[in-house]
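Since the structure comes first, as structure tokens, the remarks are kept for the end.
Please treat every number below as a calculation from the coordinates, not as lab data. Just so it is clear, the model here is predicted, and its values are computed rather than measured. In this analysis, Cβ positions are derived from the backbone assuming ideal geometry, glycine residues included, and neighbour counts consider all displayed protein chains.
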């Protein structure tokens, strides 16, 4: 007699340094589908997980920024290829988290196209925003963009996939590495996204994904002295005030983003990349 | 001063065994047809021309020769595709089509490299390591611009022109096709491409790739043929824009043909670039740069560093090292992975090069040629150096388009800049010096579209390429490469 | 006392190396290269825990590389710490394999000149055919070129009939300009060979520094000097690398340098990889390290 086959349930892990560890704290939190059909134990990242992730991000930073823009573009394009191949899995997870079938299809397509969009900027934004400046002296003077380094990203709380990608794609397109905190209530796609990026040969440490509670992680995100910038998605005044105040400790660059920065076509633009770029101007004499 | 035998002996007991790249996996068709409106069909006349392998003189395949009716059909298909599908498509989708082409070139890279080498004579190592990867990169680069044109030109919205006619040469067949197709498509145009008569085969594979990538029929059309086909295409009334890479003589012919027509055109023509070595250059690396500048691709490069200027105080050393380095250049079977200098593209071109070498000798130039042996069949030319020549010699003034270098010495920097600019051409130039300030000054004073400092013949899809003066106008690569394919409109209400 | 300082363009060097690396050495030319490479190896053991037993085993291997395969050459030399010279000399008697010894407070070079000279004199007395010295890098990097030059000249004198290899320790010199300057200085001071590294510092030999040293050797010869030899050492463990170095040698210096008299590989595990490739060429089968003796 053939019974219903028992499925093997997924363990939802963190993504740190190209590996999938559990939280060093051993803690998890319970996620439940709106229709209560499914549940999962999601890792509840600790401040130590964040610390370890920053170490990995810093370790990967020089070589990621040192790659040619073309190489970064190729890797991002490959991420899109892999995500395209896993459409069904992501749609299913979005639906489990309460999105309608039509909305899920649209969101996954948008997510893939977002990756393609930023892949296409990797070797071009520099052309747009770099300059040769006609100074009033015999010097060749040029301004170029440089990745700011390690970026902490607090992803939108209201979107499990598109919002997360919109938050981190411009960051890594620009040559930064990052540690991102996924939406607390929509954690499933974050884990699958980590698996996707890993499969696409994104170098270890470039993206580190944590699931957990914003309330407890915001402070380490904002105070860590080896993080160069913080990109925060949300509109909670108290959180923003806390983040900006903490960031002052090492003069982190803080960008506060809202829905307009992740939802819809206007969210796709090269200024998103500028959020995490420095500019460097060099002078060199012109003479025999 | 007679050329003295090099101090080092490179004719060693240990020599390299043949290392042929297998061509077994490359399945050539007997006949290739025109690619019009998404279909492969023979020319209406039924005419074919032969494409031969310049290394063996054997026929590789026949390709259709497009006549007036075929060119008409191709332009009509491009127009229809522009109006009905390509210009209406969401720009992000256009971009994804172009990404597909890029990816498929990468997937068929080995096959394309071997075919390119067999069809044109260039070494397989160059086709494999430079031509094919760069071609894919051009498509990748421009694919990303398709949905970002609003950012490319501040204060202006960029609209496509319509139908582009594109004519390319035989020295970098697939790469030139990429340089033409990628920006045109990204900007929203449709096109008709005419590959060079002696090198049509990789364009035929590109046609297959375009079709497999699912581009709507008529967006890309490829018509093979000779000069006649090119002329028909250029003069076609329903073409909005012409892009031509080839000789300055034909470029001028095209300008005259288009005069008064209102059609946009860009021309990438010949060159006679000055490659300048200062005494404070890193000499050994500069010598390597000279080799790359003139012997790479058998000298069939419009931007070749064909006029060498060496500062007199280091001239003896540079020339001696140059001669020694020429001795280690391997001339031979393009499909051998160790070949540095392949076959000359055609009998015609070989005869032209021979004629110039004769002229140079008659003009009193002193010839040095490396001691390599040449195969019996096929078209070959030994790497050649002319010294004791000056700006007044024809071999210094005229583009030879072969592995022939003219060497002059100079004393001061203003002298060499004046001489570097003393030419109707203005495509490229090279400067070798360890002093940064000198680089910025010299590159500023040389009138050429591309200047290489401490390197030569470097290309990138993001780096604009094109000439001043009689080397043409318009740029390919970078944002500048989009300009020739768009109409810029000011926003309303200004 | 550095006369004309040569400037070296790093990117240009990397590109030349890349072109040379693209050479495809197959069939007969591969076997020839592998065999030549074997004859150029200085089989090396330079560990604090070396003992007479260890050295004897190494020497046996030097003469009997792979008995199952006839017609192989022996290696050029065995390279050991000075206290092991006598052991090596005895073990290699009559074989044609030379004994090279490191001296001058190898690997750091941090000792006074008198100590170093005494070490060299003793090594030569014990029978070393070749002496591998290290330059004083600290002195070089602080611009005291006279000291460095003088030290080399004095060591050369102390060598007597023995050949002197001068180790530049390119990993510590860092820039190619420094490598070129140190090469020129070493040759002008009497080096018979210039050598890249001690093998104790990373990076050791690289194709880039080796090319620069070859160019220095060529210029020295061209300007009327003698033919100086070259020894890349450290980090060369694969036959493929060895062949790439030989390609570079052939196309930069030519026939005269394609001999163990003017070119050596400082390596320990290279020999077995070369042997594996030789056997693979002969049998057509990929080999396993387990079938080749380790000393």
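Table for the structure above
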| quantity | calculated |
| --- | --- |
| Expected-Rg normalisation [2.2 N^0.38 Å, Cα atoms] applied to the range B:274-461 | 0.98 |
| Cα gyration tensor of the range A:206-278 - equivalent ellipsoid semi-axes, whole Å, descending | 21, 15, 13 |
| Neighbour-count ranking [beta-carbon atoms within 10 angstrom, fewest first] of B:37, C:273 | B:37, C:273 |
| Computed E for residue A:242/residue A:27 - FRET, C-beta separation, R0 35 angstrom, nearest 0.05 | 0.95 |
| Span from the the range B:87-111 Cα centroid across to the the range C:192-260 one, whole angstrom | 46 Å |
| Whole-Å semi-axes of the ellipsoid equivalent to the range B:311-400 (Cα gyration tensor, √5λ, descending) | 24, 19, 9 |
| Helix axis angle, A:69-85 relative to chain A longest principal axis, alpha carbon, degrees | 20 degrees |
| Distance in nm between pseudo-label sites at residue C:188 and residue C:285 (7 Å out along the Cβ direction from Cα) | 5.7 nm |
| Proxy reagent accessibility, fewest Cβ within 10 Å first, across C:243, A:240, B:168 | A:240, C:243, B:168 |
| Euclidean distance between Cα centres, the range B:317-395 to the range C:172-189, Å | 36 Å |
| Relative intensity, log₁₀ I(q)/I(0), of chain A from a Debye sum that treats every alpha carbon as a point, q = 0.12, 0.13, 0.15, 0.17 Å⁻¹ | -0.73, -0.85, -1.12, -1.43 |
| Sites residue A:130 and residue B:153 - FRET efficiency at Förster radius 22 Å, r taken between beta-carbons, to 0.05 | 0.85 |
| Average other protein chain Cβ within 10 Å of Cβ, residues B:22-31 | 0 |
| Volume per residue of the C-alpha convex hull in the protein assembly as shown, rounded to whole Å³ | 233 Å³ |
| Cut-off 20 Å, label 7 Å out along Cα→Cβ of residue B:7, residues of the range C:162-194 by amide N | C:180-194 |
| Pairwise Cα inverse-distance average, inverted: Kirkwood Rh of the range A:76-186 (Å) | 15.9 Å |
| Semi-axes of the equivalent ellipsoid for chain B, Cα gyration tensor, largest first, Å | 38, 27, 20 |
| Per-residue average of Cβ from other chains inside 10 Å of B:461-471 | 1 |
| Separation of alpha-carbon centers, the range B:410-437 and the range C:81-114, rounded to whole Å | 55 Å |
| Average other protein chain Cβ within 10 Å of Cβ, residues C:17-24 | 4 |
| Ordering of B:28-34, C:279-285, A:25-31, B:321-327 by packing [mean C-beta count within 10 Å, highest first] | B:321-327, B:28-34, A:25-31, C:279-285 |
| Relative contact order (percent, whole number), chain B, Cα cutoff 8 Å, 6+ residue spacing | 18 percent |
| Helix B:312-327 vs. chain B, principal-axis angle (Cα, 0 to 90°, nearest 10) | 70 degrees |
| Inter-label distance, nm, simple model (7 Å from Cα along the C-beta direction), residue B:392/residue A:219 | 8.7 nm |
| Computed [θ] at 222 nm, deg cm²/dmol, the protein assembly as shown (DSSP H ≥ 4; -39,500 (n - 2.57); rounded to nearest 500) | -12500 deg cm²/dmol |
| For peptides A:62-69, B:427-434, sequence by mean Cβ density within 10 Å, most packed first | B:427-434, A:62-69 |
| Taking the range B:274-461 and dividing mean pair separation by its residue count, relative contact order in percent (alpha carbons under 8 Å, at least six apart) | 29 percent |
| Peptides ranked, highest mean first, by Cβ atoms within 10 Å: ranges B:253-260, B:190-197 | B:190-197, B:253-260 |
| Rounded tilt (10° steps) of A:188-199 against the dominant C-alpha axis of chain A | 60 degrees |
| Efficiency of FRET from Cβ geometry, residue B:351 and residue B:30, R₀ 22 Å, rounded to 0.05 | 0.15 |
| Projected label distance in nm at residue B:488 and residue C:118, using a 7 Å step from Cα toward the beta-carbon | 8.0 nm |
| Principal axis dimensions, the range C:56-200 - Cα atoms, whole angstrom, descending | 52, 31, 23 |
| Viscosity 0.890 mPa s, temperature 25 °C, Stokes-Einstein D of the range C:10-284 from Kirkwood C-alpha radius, µm²/s | 131 µm²/s |
| Residues of the range B:374-413 with amide N under 15 Å of the 7 Å Cα→Cβ point at residue B:359 | B:386, B:390-406 |
